[in-house]
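The values are calculated or read from the model by the stated rules, or taken from the named source; none is laboratory data. Note that the structure is a prediction, hence the values are computed from the model and not measured. Cβ placement follows ideal geometry from the backbone for every residue including glycine, while neighbour counts extend to all protein chains displayed. The accessibility values were calculated without ligands, DNA or RNA, using every heavy atom of the protein model including side chains. Shrake-Rupley method; radii C 1.70, N 1.55, O 1.52, S 1.80 Å.
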Amino acid sequence: MADTLKRPPFDPELEATLALLGDQLPPSITPEMIPLLRQGASPFDLSVDDVLAEAGIARRDVTIPGHDGDEIQVSVLSRQGRTGIGPGVFHTHGGGMILGDRFVGLQHFLRWITEFDAVVVTVEYRLAPEFPDPFPVRDCYAGLVWTAEHADELGIDPDRLIIAGASAGGGLAAGTAMLARDEGGPALAGQVLIYPMLDDRDQTISTAQIDGVGVWDRTSNITGWSALLGDRRGTADVSVYAAPARATDLSGLPPAFIDCGSAEVFRDEDVAYATALWQAGVQAELHVWPGGFHGFDMMAPHTAIAQAMVAARDSWVARVLGD
Amino acid sequence: MQELVGRLTALDPEASETLKVVAYFDALVAGGVGVQALVRGAAVLSGTVAGASVGRRTHRVGPDGDRRTDDAATDGEIQRHWPARSITDGNVWLEREGPRHANDDMIVERLALAVDLVGARRPGEAASALETAIDAKRDAEERRVALSRLRLSPSRDLRIAALPLSHEVAVDVAPSTVVATPYGLLRAVVLGADEKISGPAGVGVPRRADELPESFRTAVLALRLLPDNSSVVDAADLGVVLAAVSAMEQVAAQQPDVVALARLDARARAVLDELAAAESVRAAATALGMHHSTLQARHEALTNELGYDPRSLPGRARFQLARLLLRLVAAP
């Protein structure tokens, strides 16, 4: 802690939330904690199906070919009784590349289904360290290709298909969008990168600032990237699809929405990615919320700053989906 | 919905979670939020609509953090069965229908306190001026302006007493304010050079009014050194010991003498307190209600365990310092 740089203070409402929930999850996640974290459901959990039923959303699980043709699952989520063709969202969930399932981040896109009439396809990509890079991003890409190929039967207008993900899912969404560009994959109308995890190199000021504090600190981030990349982390042997921050050519990518907090590890890589997109002539909208720790909109959705974050994000999605 | 992180939701309706309620509002007050955020906090913790009317403004917020304007059950009229409290210039309440939850009263209490604090912080209020006058981070000029608002002469010798919030004082007697410190919210009260205060309280060293931050700093330190919940520790009585304790705070937890005391149980520490303070072992035995020879044996055993005799002259100094440092380390 002694070497930690001075960081922007947390927003007071977020600081208060951390004071209550800080003991649920330590700031630093180390590799030996992965099995335990995978077991433990948070005490605040509601079951997915209860949440979906309450929101009037139908769920259909489909087994599809993933990376190398192995079977993976996706869930197709849409408003109950929805007919016809409308916007689509391909979703890649968060969890540091090591945790979570395809319903993590449900609250991010629930309103896109109920209010914008979107069909969401959310993919159960395989997790590191058991399935290291390129499994996660290649599973996601396979899911995107499947979604585009089945757009008609899913009720998705191929011109209004976007990709979205938060945290590790944001990094996977950015990497998947790049794969789609480079391998002649589906055209995307937009990429929603919610506090995305983009850079394995651990060299930003923000990662040095968020060390032993907040949510998903420097140690946790190294744990996640090391699980994904093993000894390759931080070396020249990392693809741009695994760590999109390394890409030098961002031209031809879909318009991007990027948001993050000013007090999180990903701040600097997220701001740099938005800047690089603009420099490559790609449209991007960037929001850095002052005093926000990682994932604050999920942990403290009642706060003024979380509501502002969600409103800005939903506004972008509404514009891109043509709602 | 298996999340990487939990989500802040309403507290358990059955189990009392006082510490969480206090921690939440303390953090908000320390962060300098407005009334709206305080009401939002009460709503999310209680899981029901919370409200505050301050002067002519009414704030109502639902547990999802949304402002409520339309579905007012009443026109700002507080139902008799709702948990509610009056504040300086209005009321706060929870719109709880059905049985009360375990934390409702605590939430309303802390909301009331916090809304009053936020109100008192408005420039021009006496509490705000005192907060400035004892704040080491303000420059001398700002503090002088605050003193003149408090009608205190900069050259007058004063002391600050630090009190836990639970200790109700007659606040109209002397200027007082509530301050967020690393040790939670504390009440700071201005005391004249000879004024007395009842415990629990820590009293700071006397200082010219324009040097009150030092009196407040030593008052907080003294409060943290309280041996029990009713006494008063006066920093001026501690002299160089206070300076030593203050200088050693950062390394206190690693001091072997402090660690040795921490390992003992409360009863053994009480025995040591008496042994170190009493005129004789016999007098200590009487005070502790123990047989003289039993205490004698206990004294020898404890001397062995500590590696020094707390009744010898150097041992007493060693014990007293370690004992005070342990209080700093052990306090939350």
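Evaluate the following for A:Ala148: is it touching a Gly at 6+ places or on another chain (Cβ under 7 Å) and not charged (D, E, K, R)?
no
Is there any pair linking a residue in the range A:194-221 that is within 14 Å of chain B (Cβ to nearest Cβ) to one that is in a helix (DSSP H, G or I) and of a type in the set (Val, Ile, Thr), with Cβ under 8 Å and at least six apart or on different chains, and which?
A:Asn221/A:Thr207
Restricting attention to the range B:239-256, which residues are touching a residue at least 24 places away in the same chain (Cβ under 8 Å) and open to solvent by 40 Å² or more (accessible area, probe 1.4 Å)? Talk me through it step by step, then tell me what you get.
From the range B:239-256, those touching a residue at least 24 places away in the same chain (Cβ under 8 Å) are B:241-242, B:244-246, B:248-249, B:252-253, B:255; that's our starting set.
Those that are touching a residue at least 24 places away in the same chain (Cβ under 8 Å) and open to solvent by 40 Å² or more (accessible area, probe 1.4 Å): B:Val241, B:Met248, B:Glu249, B:Ala253, B:Gln255.
A:Arg59 is checked against (1) surrounded by 19 or more Cβ atoms within 10 Å (Cβ to Cβ); (2) touching a helix residue (DSSP H, G or I) at 6+ places or on another chain (Cβ under 7 Å); (3) within 14 Å of chain B (Cβ to nearest Cβ) and fails just one. What number does that condition carry?
Here A:Arg59 clears every test but (1).
For the range B:138-157, state whether one or more residues are touching a residue at least 12 places away in the same chain (Cβ under 8 Å) and within 17 Å of the chain's Cα centre (by Cα).
Looking for residues that are touching a residue at least 12 places away in the same chain (Cβ under 8 Å) and within 17 Å of the chain's Cα centre (by Cα), one finds none in the range B:138-157, hence no.
In the range B:30-58, which residues are farther than 20 Å from A:Met299 by Cα, within 12 Å of chain A (Cβ to nearest Cβ) and at pLDDT below 90?
Across the range B:30-58, the qualifying residues are B:Ala30, B:Gly32.
When the range B:216-228 is examined, which residues are found to be within 13 Å of B:Arg327 (Cα to Cα) and open to solvent by 70 Å² or more (accessible area, probe 1.4 Å)?
B:Pro227, B:Asp228
Does at least one position in the range A:257-273 carry a residue that is within 14 Å of chain B (Cβ to nearest Cβ), out of contact with any His (no Cβ under 8 Å at 6 or more places or on another chain), within 23 Å of A:Phe10 (Cα to Cα) and open to solvent by 10 Å² or more (accessible area, probe 1.4 Å)?
At the first step, the residues of the range A:257-273 found to be within 14 Å of chain B (Cβ to nearest Cβ) are A:261, A:263-266.
Imposing the further condition that a residue be out of contact with any His (no Cβ under 8 Å at 6 or more places or on another chain) reduces the set to A:263.
Imposing the further condition that a residue be within 23 Å of A:Phe10 (Cα to Cα) reduces the set to A:263.
With the extra rule that they be open to solvent by 10 Å² or more (accessible area, probe 1.4 Å), the set shrinks to none.
The answer is no, given that none of the residues of the range A:257-273 is within 14 Å of chain B (Cβ to nearest Cβ), out of contact with any His (no Cβ under 8 Å at 6 or more places or on another chain), within 23 Å of A:Phe10 (Cα to Cα) and open to solvent by 10 Å² or more (accessible area, probe 1.4 Å).
Filtering the range A:12-33 down to residues that are within 8 Å of chain B (Cβ to nearest Cβ) and of a type in the set (Asp, Glu), which residue is surrounded by the most Cβ atoms within 10 Å (Cβ to Cβ)?
A:Glu13
Let's see how each residue does on (1) open to solvent by 30 Å² or more (accessible area, probe 1.4 Å); (2) of a type in the set (Val, Ile, Thr); (3) part of a helix (DSSP H, G or I); (4) within 20 Å of A:Leu25 (Cα to Cα):
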{"position": "A:Asp157", "(1), (2), (3), (4)": "yes, no, no, no"}
{"position": "A:Gly165", "(1), (2), (3), (4)": "no, no, no, no"}
{"position": "A:Ala173", "(1), (2), (3), (4)": "no, no, yes, no"}
{"position": "A:Ala180", "(1), (2), (3), (4)": "no, no, yes, no"}
{"position": "A:Pro186", "(1), (2), (3), (4)": "no, no, no, no"}
{"position": "A:Gln191", "(1), (2), (3), (4)": "no, no, no, no"}
{"position": "A:Arg201", "(1), (2), (3), (4)": "yes, no, no, no"}
{"position": "A:Asp211", "(1), (2), (3), (4)": "yes, no, no, yes"}
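Conditions: (1) in a strand (DSSP E or B); (2) out of contact with any helix residue (DSSP H, G or I) (no Cβ under 7 Å at 6 or more places or on another chain); (3) within 14 Å of B:Ala235 (Cα to Cα). B:Gly202 meets all but one. Number of the miss?
Failing condition for B:Gly202: (2).
I need the helices (runs of 4 or more DSSP H) fully contained in the range A:26-132, keeping only those with at least 1 residues that are aromatic (Phe, Trp, Tyr) and within 26 Å of A:Ile156 (Cα to Cα). Step through it out loud before you land on a result.
Values: elements: A:34-39, A:48-55, A:106-114.
Per the criteria, A:106-114.
What single numbered condition from (1) more than 22 Å from A:Asp133 (Cα to Cα); (2) charged (D, E, K, R); (3) open to solvent by 10 Å² or more (accessible area, probe 1.4 Å) fails to hold for A:Arg233?
(1)
Filter the range B:86-142 down to residues that are open to solvent by less than 50 Å² (accessible area, probe 1.4 Å), among the basic types (Lys, Arg) and outside any helix (DSSP H, G or I), then give me how many there are.
Selection size over the range B:86-142: 1.
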